[in-house]
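The values are calculated or read from the model by the stated rules, or taken from the named source; none is laboratory data. Since this is a predicted model, take the numbers as computed values, not measurements. All Cβ positions, even for glycine, are placed from backbone atoms using ideal geometry, and neighbour counts span all protein chains on display.
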Amino acid sequence: MDIPRQVLPTGKLNQIPVPSTWNRGGWISTTCAGRPTADREPLISRAVERSNPLCRLFKVDLPLVQAGMIWCSGWRLASAVSNAGGLGIIGSGSMYPEVLREHVRKCKAATDKPFAVNVPMLYPDIDEHMATIIEEEVPIVFTSAGNPSTWTRMLKDHGRTVVHVVSSVKFARKAVDAGVDAVVAEGFEAGGHNGREETTTLVLVPMVREAIDVPLIAAGGIGTGRAMLAAMVLGADGVQLGSRFVCSEESSAHPAFKQRVVAAGEGETVLTLKELAPVRLIRNPFFQQVQEAYARCATTEQLKEVLGRARAKRGMFEGDLDEGELEIGQVSGQLRDILPAATIVRQVMDEYRSARKELLDAPRFHA
């Protein structure tokens, strides 16, 4: 239920030291901070959002998480999202331990808000990454691509909030049994490494919601406020956005990769390489090499030879659009601009609130 804005009559008793925004009744609409709210959600409504289970768990203002992505999400992006009220995440999968430590320290210097580190457990140096997380007092850890029981107890013993990313109900239950504080249910629309199940977010989120009783974050195919609302109607407590933040000014992705993403059309991404580690890519000459290998009935070892090393770095970080892996989600077909992270957060939340009001008011929902 929407809570009405608080409005104050103008006059000496209610002077507001900002440019006035008048309505037809001779009233000025304001928040408690004195900022006009003609185009902003009132603070009282934001207080309702902070009662959200995820907001309480992470101690953030908004139930919006920026995914921890290799080669894209360093300290600049994570701190910008956290400063905007969401939860920013440093993606450690593409970092050596000493690089991760540097990013954590720079993130601390750039924000006094909570942030997290994502640790994909299929990469090396996990022991060193976890030691860095403990030593640098990172408050929240997202784990993915591995068994949640491996590190959850240790992290919990050190007072960390732990979230695990899953692609199925089975893995969601395992994560809860391991003691995680929250779960990310990621549909196969998501970019980068993915589950083998090919379950969409629309199907996965309500099934996981029925199976677990910890806070649930929806991911995969979410890049707008309307998609955020849809995920929360399905039972999610909040959402995680990846591809949308790849195309942010603070993202460490190569400018050529960002431009390729915003130029992508519907259906240009494909989930492939299931024999190794399923990954969603934009079609490009490297992807064509993979397809030709499949046509030759290539073995797993032969696919590894085609893949080679550092393909993701070449494509996403160095900007080699022909020979690199271009990891991005299906939502890339919706993306058309590269914006500051704070602007993305604001746009998504504004559209979410507008769509929420429409859901209550539009006749088509009055069944």
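Points to keep in mind about this one:
- When the residues of segment 118-149 are filtered to those that are under 21 Å from V176 (Cβ atoms) and touching a Ser or Thr at 6+ places or on another chain (Cβ under 8 Å), the one that is surrounded by the most Cβ atoms within 10 Å (Cβ to Cβ) is V141.
- Single residue of segment 228-243 satisfying the filter (without any contact (Cβ under 8 Å) to a residue 60 or more places away in the chain and not in a helix (DSSP H, G or I)) that is farthest from L87 (Cα to Cα): L234
- Meeting the requirement of 2 or more residues that are of a type outside the set (A, V, I, L, M, F, W, C) and in the same structural domain as G86 (by TED's automatic domain parsing), the helices (runs of 4 or more DSSP H) wholly within segment 257-367 are 341-361.
- Going through (1) in contact (Cβ under 8 Å) with a residue 40 or more places away in the chain; (2) touching a helix residue (DSSP H, G or I) at 6+ places or on another chain (Cβ under 6 Å); (3) at positive phi one by one, A145 falls short only on (2).
- Near pairs, Cβ below 8 angstrom, 6+ apart or cross-chain, from segment 74-96 (on the phi > 0 side of the Ramachandran plot) to any residue that is part of a strand (DSSP E or B): G85/L64
- Criterion: in contact with a Leu (Cβ under 8 Å, 6 or more places away or on another chain) and either in the same structural domain as A342 (by TED's automatic domain parsing) or under 26 Å from D350 (Cβ atoms) (or both) - qualifying residue of M207, M228, M232: M228
- Residues of segment 226-254 that are over 14 Å from the mean Cα position of the chain (by Cα), more than 26 Å from S94 (Cα to Cα) and crowded, with 24+ Cβ neighbours inside 10 Å: none at all.
- Apart from one condition, Q330 fits all of (1) at pLDDT below 95; (2) surrounded by 15 or more Cβ atoms within 10 Å (Cβ to Cβ); the exception is (1).
- Out of K313, K274, sole residue that is touching a residue at least 24 places away in the same chain (Cβ under 8 Å), of a type outside the set (S, T, N, Q) and either crowded, with 20+ Cβ neighbours inside 10 Å or closer than 21 Å to L77 by Cα (or both): K313
- Residues located in segment 64-79, provided they are assigned to a loop (DSSP other than H, G, I, E, B) and more than 11 Å from the chain's Cα centre (by Cα): I70, W71, C72, G74
- G86 falls short of the stated requirement of being surrounded by fewer than 24 Cβ atoms within 10 Å (Cβ to Cβ) and touching a strand residue (DSSP E or B) at 6+ places or on another chain (Cβ under 8 Å).
- Considering segment 157-178, and only residues there that are under 25 Å from E98 (Cα atoms), in contact with a strand residue (DSSP E or B) (Cβ under 6 Å, 6 or more places away or on another chain) and in contact (Cβ under 8 Å) with a residue 24 or more places away in the chain, the residue that is surrounded by the most Cβ atoms within 10 Å (Cβ to Cβ) turns out to be V163.
- Leading residue by the ranking (nearest to R56 (Cα to Cα)) among those in segment 206-223 that are out of contact with any strand residue (DSSP E or B) (no Cβ under 9 Å at 6 or more places or on another chain) and not in a helix (DSSP H, G or I): D213
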